[in-house]
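Below is one structure, written out as structure tokens; comments come after it.
The values are calculated or read from the model by the stated rules, or taken from the named source; none is laboratory data. This is a predicted model, so every value here is computed, not measured. Glycine also receives a Cβ, built like all others from the backbone with ideal geometry; neighbour counts cover every protein chain displayed.
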Amino acid sequence: MSATLATFLFESANFLVLAAALGWLFFKPVRQALADHRNKFEADNRLAADKLAEATRMQQEIQTTKDALQLELQEFRTKEMELAQQKAQQIVAEARGQAEREREARRREAAQMSDTQRDTLAEVSAAAAADTVGRLLTQIGGPDLQSALINSACVQLREISSGEIAPVKIESKEPLSDDQIALLRSALGSSADATDFRVDEGLGDGVRITTGKGLIDASVRGLVQYASQSLIKEMGLRANHHNRLQHAGDDYST
Amino acid sequence: MHLRIFGDPVVFQIGPIPITETMITSTVVSMVLLVLAVVLVNSVRTRPDHWISVIAFLVVETFDNMVKDIIGRRHAVVATLSASMFLFIAACNLAGQLPGVHPATGSLATTSALAAVVFLSVPIAGIQTNGLWNYIKHYFRPNPLLMPLHVISELSRTLALAVRLFGNVMSGHLVVGLLVALAGFLVPTPIMALDLLIGLLQAYIFAILSIVYIGAAISAGTE
């Protein structure tokens, strides 16, 4: 066998054996490893894609839930705001009413205090005026004042003595003179017999006659009391009239 | 220094079978390739992230993609055959750079054997893929009169494969040997680097052409 032919045949066989051996020992395991890597990569890729899809789905669910919660929160906020506004209006109305009531109470209290002060002032003024009138009548007192007061009492007796007025009680600061008693009896008419004369030193000049139809006080003390009561009454009337005008002015200004 | 072109010295004989220097070189190269393959596979199995494993992945994936780009689909056998050719030729060419080693691809018998393997692989792949009748029919297309030209084309390209690789490797080795003999030891270093590049390029060309030829046979039935 020639060397060239032997080499040709040997090289052919050598290469075929080498290719088969490399294919079995090298290419097949490496391809298998590559396939395993590729499969693992694809599996990881699919797993990542699944997780990404799951994450996307969860994100959408969270977004949906968030939107629903926001909507619900908005509705709840609106409802609570309306309730709070209603409650605030109610509280303001109640506070306003309470303030109005307190204001009215204060006004009444002030008015009451004003009335009390006015009455006190009127009483003090009336007492001072009555005292002044009493002093004046005491200073100008005398027989003339006594006669004038008795005449005045007689005039009043004649006005009421048309019927039965007994029993009659006549009081004076000192015993009356006969003329004065006669004058009073004539004024009493038919009731003169049942007349009881008494002395009351506190009366001052004049007489105080108590009849079955009423009292005729023509004494200095009675005049003073009458003047005092008249003055208090007149001041009360004037004060009420002034308050009515004041209230009318307040209502007009409101 | 003894320079030879077509001769292949016999180292010893086993009975009537002469054992040449090319046979010993290619055997050693094959053994080294197998050992490297075992090391790479072991690294792939134990440390898949190591750079050695990355080299293994790169080699396999590169030839698989190359086959896919040329043929149109993945074909493990074709990729294994072409990658084995590239590795064997490249290893032989690299071995030729070692002092005193005659590259196996510098022998016309070796390159002819590789070309013959490709030549035989073409009809085998074509028949296996398309069937005997469909494969034979492609010789008669587009016109039966062109059948001789098809046969001549296949023979000539096989011859071209063998002669191209043999010529490039042998000429490079011869030039380096002449320069070493004439100018000294370090002078042919640039030429040796160029020869190294040419050796890798020729290995790549041989592998690519083998894929193209086999791929053409596989897709012959679909034309």
task: Return a yes/no flag: does region A:28-39 have any residue that is of a type in the set (A, V, I, L, M), closer than 30 Å to B:Gly15 by Cβ and facing chain B (nearest Cβ under 7 Å).
output: no
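For region A:207-226, give me the residue count where each residue is assigned to a strand (DSSP E or B) and closer than 17 Å to A:Thr195 by Cα.
If we filter region A:207-226 for residues that are assigned to a strand (DSSP E or B), which is where we start, we get A:207-210, A:215-219.
From what is left, the residues that are closer than 17 Å to A:Thr195 by Cα are A:207-210, A:215-218.
The qualifying residues number 8.
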task: Answer yes or no as to whether B:Met170 is touching a residue at least 24 places away in the same chain (Cβ under 8 Å), farther than 25 Å from B:Met66 by Cβ and within 17 Å of the chain's Cα centre (by Cα).
output: yes
Pairs where the first residue, in region B:55-72, is at the interface with chain A (Cβ under 8 Å from one of its Cβ atoms) and the second is surrounded by fewer than 19 Cβ atoms within 10 Å (Cβ to Cβ) and among the charged types (D, E, K, R), C-beta under 8 Å, 6+ apart: B:Asp64/B:Arg74
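Filter region B:93-116 for residues that are at the interface with chain A (Cβ under 9 Å from one of its Cβ atoms), in contact (Cβ under 8 Å) with a residue 12 or more places away in the chain and surrounded by 21 or more Cβ atoms within 10 Å (Cβ to Cβ) and give the result.
First, pick out the residues of region B:93-116 that are at the interface with chain A (Cβ under 9 Å from one of its Cβ atoms): B:104, B:107-114, B:116.
Right, trim to in contact (Cβ under 8 Å) with a residue 12 or more places away in the chain and you get B:104, B:107-112, B:114, B:116.
If the condition is that a residue be at the interface with chain A (Cβ under 9 Å from one of its Cβ atoms), in contact (Cβ under 8 Å) with a residue 12 or more places away in the chain and surrounded by 21 or more Cβ atoms within 10 Å (Cβ to Cβ), then B:Ala104, B:Ser107, B:Leu108, B:Ala109, B:Thr110, B:Thr111, B:Ser112, B:Leu114 are the ones that fit.
State which residue is surrounded by the most Cβ atoms within 10 Å (Cβ to Cβ) when the search covers only region A:1-27 and only residues that are more than 23 Å from B:Asp64 (Cβ to Cβ) and more than 7 Å from chain B (Cβ to nearest Cβ). Quick ask: steps written out before the conclusion?
Of region A:1-27, the ones more than 23 Å from B:Asp64 (Cβ to Cβ) are A:1-14.
Applying the additional criterion that residues be more than 7 Å from chain B (Cβ to nearest Cβ) yields A:2, A:5, A:9, A:13.
Values: A:Ser2: 11, A:Leu5: 11, A:Leu9: 16, A:Ala13: 12.
So the residue we want is A:Leu9.
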- line: Of the residues in region A:105-130, those that are loosely packed, with under 13 Cβ neighbours inside 10 Å and either hydroxyl-bearing (Ser, Thr, Tyr) or closer than 30 Å to A:Leu149 by Cβ (or both) come to A:Thr116, A:Thr120, A:Val124, A:Ala128
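Return a yes/no flag: does region B:173-183 have any residue that is without any contact (Cβ under 8 Å) to a residue 24 or more places away in the chain, closer than 13 Å to B:Ser210 by Cβ and touching a helix residue (DSSP H, G or I) at 6+ places or on another chain (Cβ under 9 Å).
no
Only one residue in A:Arg208, A:Arg238 is modelled with pLDDT under 80, among the charged types (D, E, K, R) and within 30 Å of A:Ser125 (Cβ to Cβ), so which one is that?
Numbers: A:Arg208 fails: modelled with pLDDT under 80.
Only one candidate passes the filter, namely A:Arg238.
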message: Considering only residues that are surrounded by 19 or more Cβ atoms within 10 Å (Cβ to Cβ) and of a type in the set (Val, Ile, Thr), which ones fall in region A:192-222?
response: A:Val207, A:Ile209, A:Thr211, A:Ile216, A:Val220
- prompt: How many residues does region B:78-92 hold that are among the aliphatic types (A, V, I, L, M) and facing chain A (nearest Cβ under 8 Å)?
  reply: 5
